[in-house]
Amino acid sequence: VKKSKHDFKSFQLPSKVALNEKFLKLCGYFLAEGYISEGRSRNFIVLAFNIKEENYANEVKSIVEELFGLEAVFRRHDSEKSLLVYIHSANLARFFKKLFNRGAQNKKIPDFMMKLPAVKQAALIEGLWKGDGYVNSKRKYPRAGFVTISPLLAHQLKMLLLRQNIVFSF
């Protein structure tokens with residue numbers, strides 16, 4: 001990812017990142033809960049969790065520190081019952097924008113992730129699920145669901161679930 005000409009203080013990211021379970025789970029979390037804040041001199045990533053999902057936020061923090069050497073910062077908003085995870089890295093924000101697009105309605109899984117072995121895709125699905133999935137057990141026939149505003153992401157998730165031999169309705 002090219003550095004902006006106005007970017008004088010971004011930390012350099014590793015030139016390679018393993019396409020492992022942790023990275024794919026982080027990608028899933030971002031697709032479900034993340035967004036990119038862009039400005040002329042400030043670009044960063046935010047993941048918005050429910051205040052009860054501190055364990056997910058801690059998992060993101062741990063992965064970001066391990067893979068990129070970056071510190072994730074938490075901000076609690078008790079009145080909104082939210083826990084925001086900020087990752088202040090213009091380079092990582094640009095990288096994620098390039099991979100996943102920008103805006104909730106435009107999010108997508110990159111083609112190379114769609115072609116990974118099903119075993120590897122399970123971690124991506126786990127991150128997506130923890131972010132925007134749910135289980136409704138109060139029905140006569142309990143069911144699980146997933147919510148997204150991105151039509152492309154919904155269709156891609158359909159393909160990922162089929163590769164895991166998970167039957168679904170759409």
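For the chain, the alpha-carbon radius of gyration amounts to 1.06 times the rule-of-thumb value 2.2 N^0.38 Å expected for a compact globular protein. Using a Förster distance of 25 angstrom, determine the FRET efficiency expected from the C-beta separation of F168 and L19, and round it to 0.05. Efficiency, from the Cβ-Cβ distance: 0.50.
Let's test the formula: R0 of 30 Å, r as the Cβ-Cβ distance of R102 and E126. What FRET efficiency results, to the nearest 0.05? The value I calculate is 0.80.
Between L24, A57, L153, the Cα set farthest toward the positive side of the dipole of the chain (charges on each charged residue's Cβ, about the Cα centre) is that of L153. Say the cut-off is 30 Å between C-alpha atoms; which of K16/K108; K61/K81; K97/K140 go over it? Check vs 30 Å cut-off fails for K97/K140.
What is the helix-to-structure angle for 90-100, meaning the angle in degrees between its Cα long axis and the longest Cα principal axis of the chain, kept from 0 to 90 and rounded to the nearest 10? Approximately 30 degrees, to the nearest 10. Go ahead and set up a Gaussian network model of the chain, Cα springs under 10 Å, then flag whichever of L24, L128, L13 fluctuates most. The residue with the greatest mean-square fluctuation here is L13. Stokes-Einstein diffusion for region 76-142 at 25 °C, viscosity 0.890 mPa s, with a Kirkwood radius from C-alpha pairs, works out to 163 µm²/s. From helices alone, the chain scores -13000 deg cm²/dmol at 222 nm; the rule is -39500 (n - 2.57) for each run of n ≥ 4 DSSP H residues, then divide by the residue total.
For the chain, the per residue solvent-accessible surface stands at 60 Å², with DNA, RNA and ligands left out and a 1.4 Å probe. Any idea what angle helix 21-33 forms with the longest principal axis of the chain, computed on alpha-carbon atoms, 0 to 90 degrees, nearest 10? Result, in degrees: 80.
The values are calculated or read from the model by the stated rules, or taken from the named source; none is laboratory data. Treat the numbers as computed from the prediction; the structure is a model and nothing was measured. All Cβ positions, even for glycine, are placed from backbone atoms using ideal geometry, and neighbour counts span all protein chains on display. Just so you know, the surface numbers come from the protein's heavy atoms only, side chains and all, with ligands and any DNA or RNA stripped out. Shrake-Rupley method; radii C 1.70, N 1.55, O 1.52, S 1.80 Å.
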